[in-house]
1. Of all residues in region 121-164, count the ones that are of a type in the set (S, T, N, Q) and either farther than 25 Å from residue 77 by Cβ or not in a strand (DSSP E or B) (or both).
2. Restricting to region 158-170, count the residues that are surrounded by 20 or more Cβ atoms within 10 Å (Cβ to Cβ) and modelled with pLDDT under 95.
3. Which of (1) farther than 20 Å from residue 95 by Cβ; (2) at pLDDT below 95 is the odd one out, the single condition residue 173 does not satisfy?
4. Pairs please, first residue from region 130-157 and crowded, with 20+ Cβ neighbours inside 10 Å, second anywhere and among the basic types (Lys, Arg), Cβ atoms under 7 Å, 6+ apart in sequence or on different chains.
5. In region 165-179, which residues are among the hydrophobic types (A, V, I, L, M, F, W, C) and assigned to a loop (DSSP other than H, G, I, E, B)?
6. Just checking, how many residues over region 53-89 are surrounded by 16 or more Cβ atoms within 10 Å (Cβ to Cβ) and not in a strand (DSSP E or B)?
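The values are calculated or read from the model by the stated rules, or taken from the named source; none is laboratory data. All figures in this text were calculated on a predicted structure; none of them were measured in a lab. Every residue, glycine among them, receives a Cβ derived from its backbone with ideal geometry; neighbour counts consider all protein chains shown.
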Amino acid sequence: MNKHLIAFGSALLITASLPTFADSRVELTVTGKITPSACTPALSGNGVVDFGKISAKDLKPDRHTNLENRAVQLIVTCEASTRFAIKPRDNRSGSSSIPGNISYGLGMINGNEKLGRYFLNFINPVSDIPLTALYSANNGATWGEHLDGDAAIPGQLFAFGSRGDDWAWAPLPLQSVTVDITLNTAIAPTNSLTLTDEVEKDGSATLEMIYL
């Protein structure tokens, strides 16, 4: 499995000689693959989802306040048909206002207060062939169907494909695909926040392309 922009292959020999011993050495081999085609991902709106200003008085004191659902489009274009996956990473890891590892954080305010959380979901993949959104929780060893209501968990792999002859889900080589990424966002209960001053929503995630 090769990461986008990290593809190489080489081998080297490291030799260490001791003063009183003959030809004492160890061998280190470095391997990899050079993919014949590259893929370029792009997000609509430059990947920015702006909720604007929200009045603190409109937020619920004792439970999360859900904001309007938003979506951005991910467009992946490859030089040739290529099998790839998307690996989301939460750049604000540890700041989600709910426990567990299935959501993304909106950043910390006042040093230690978790402002909120959001869920990502990959839906409606469109290409020149019928596709189903897929996920892998074991680094691509096996794949399952990623349903419209499922959360795209940080660190898992997400791809687009179909069932094979063995009825197992698998990513397909694609030259281009467009997919909607939906965001379900909520602000933490205000009884856990200090909102005497204006604060910034600071969610950030990276979508890493992985060549399969």
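1. 5
2. Count: 0.
3. For residue 173, the exception is condition (2).
4. From residues that are crowded, with 20+ Cβ neighbours inside 10 Å, the pairs are 154/89; 157/87.
5. Listed by number, the residues that qualify are 167, 168, 172.
6. Count: 4.
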